[in-house]
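Okay, structure first, notes after.
The values are calculated or read from the model by the stated rules, or taken from the named source; none is laboratory data. Because the structure is a prediction, the values reported are computed rather than measured. So basically every Cβ, Gly included, is an ideal-geometry build from the backbone, and we count neighbours across all protein chains shown.
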Amino acid sequence: MATTDSALSSGEYIKHHLQNLTYGRFSDGSWGIAHGADEFKEMGFWAFHIDTLGFSLVLGVLFLFLFYKAGRNMTVETPGGFQNFVESVIDFVNDNVRGSFKGKNPLVAPLALTCFIWIILMNTMDLVPVDLLPRIASLMGVEYLKVVPTADPNATFGMSIGIFILMIYYSIKQKGIGGFVGELTLHPFGKAMFPVNLLLEGVGLLAKPVSLALRLFGNMYAGELIFILIALFPFYMQWALSLPWAIFHILIVLLQGFIFMVLVIVYMDMAHTKATDH
């Protein structure tokens, strides 16, 4: 599976593989690539994880290209294997939307499909041998490279915040400002207890994007960490340990994409219906 660098201790090897390629602003106002823990900490908020942004962008473009190509080459007479696959995925997503979304919004199905496929593609990067791409990057002079975008909380929170913004937008659009505020202040105990209602409903509302992001991040980070730990074993043990875990991890890769998609559909449904209808 992978061979650890003999110059690194086990702890240093783990930290190295869990560190993103980071470009940011130093304390003196200059911008550059971080090298070492002090520089990573120095950048703070003003930093970009280039590897997370790069891999997620490339995989997103790959998804769009493949599905666009399938649509352009679609035929009724002699559909190919890839067309059948794409159609089955779209039918699967549409079935979930019809089963969980009661409103009318043409955005929901494409949004669910995008989340489902894009997250699966990003999760699948966890099945690439842990040293393969970082080793290639090191030969090109790149010191750090973290290849699983969903193992970076910045990526998962970015996606969940985007969903959260859509939830708020459609809640206000469908119910009006008064209806949206009323859901936060008048339920579940009525006008007399609006401070308690606001606390309960506000916490519940904010918990949605947090749980959406942390669930995906936690599962993928744990999976990546296990692969890194397996790489610390002697070479003859790595295949015996990594192959069963990789096979099991395929289920996690698919399941996390499915869970994220279903929750997006459910949250969008809640944004389109009144609290009394939930």
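With respect to (1) surrounded by fewer than 20 Cβ atoms within 10 Å (Cβ to Cβ); (2) within 30 Å of residue 12 (Cβ to Cβ), the lone exception for residue 162 is condition (2).
With respect to the conditions (1) more than 24 Å from residue 146 (Cβ to Cβ); (2) of a type in the set (A, V, I, L, M, F, W, C); (3) outside any helix (DSSP H, G or I), residue 165 falls short on a single one, namely (3).
Tallying residues that are closer than 30 Å to residue 157 by Cβ and either surrounded by 20 or more Cβ atoms within 10 Å (Cβ to Cβ) or touching a helix residue (DSSP H, G or I) at 6+ places or on another chain (Cβ under 7 Å) (or both) within segment 216-244 yields 14. Is there a residue being out of contact with any Cys (no Cβ under 6 Å at 6 or more places or on another chain), modelled with pLDDT under 95 and on the phi > 0 side of the Ramachandran plot anywhere in segment 213-233? There is no residue in segment 213-233 that is out of contact with any Cys (no Cβ under 6 Å at 6 or more places or on another chain), modelled with pLDDT under 95 and on the phi > 0 side of the Ramachandran plot.
Please find, among 207, 222, the residue that is of a type in the set (A, V, I, L, M), farther than 30 Å from residue 173 by Cβ, assigned to a helix (DSSP H, G or I) and free of Cβ contacts under 8 Å to residues at least 12 places away in the same chain.
222
Among the residues of segment 242-274, write down those that are touching a residue at least 60 places away in the same chain (Cβ under 8 Å) and out of contact with any Leu (no Cβ under 9 Å at 6 or more places or on another chain). Of everything in segment 242-274, those that are touching a residue at least 60 places away in the same chain (Cβ under 8 Å) and out of contact with any Leu (no Cβ under 9 Å at 6 or more places or on another chain) turn out to be 242, 252, 254, 258, 262, 266, 269, 270, 272, 273, 274.
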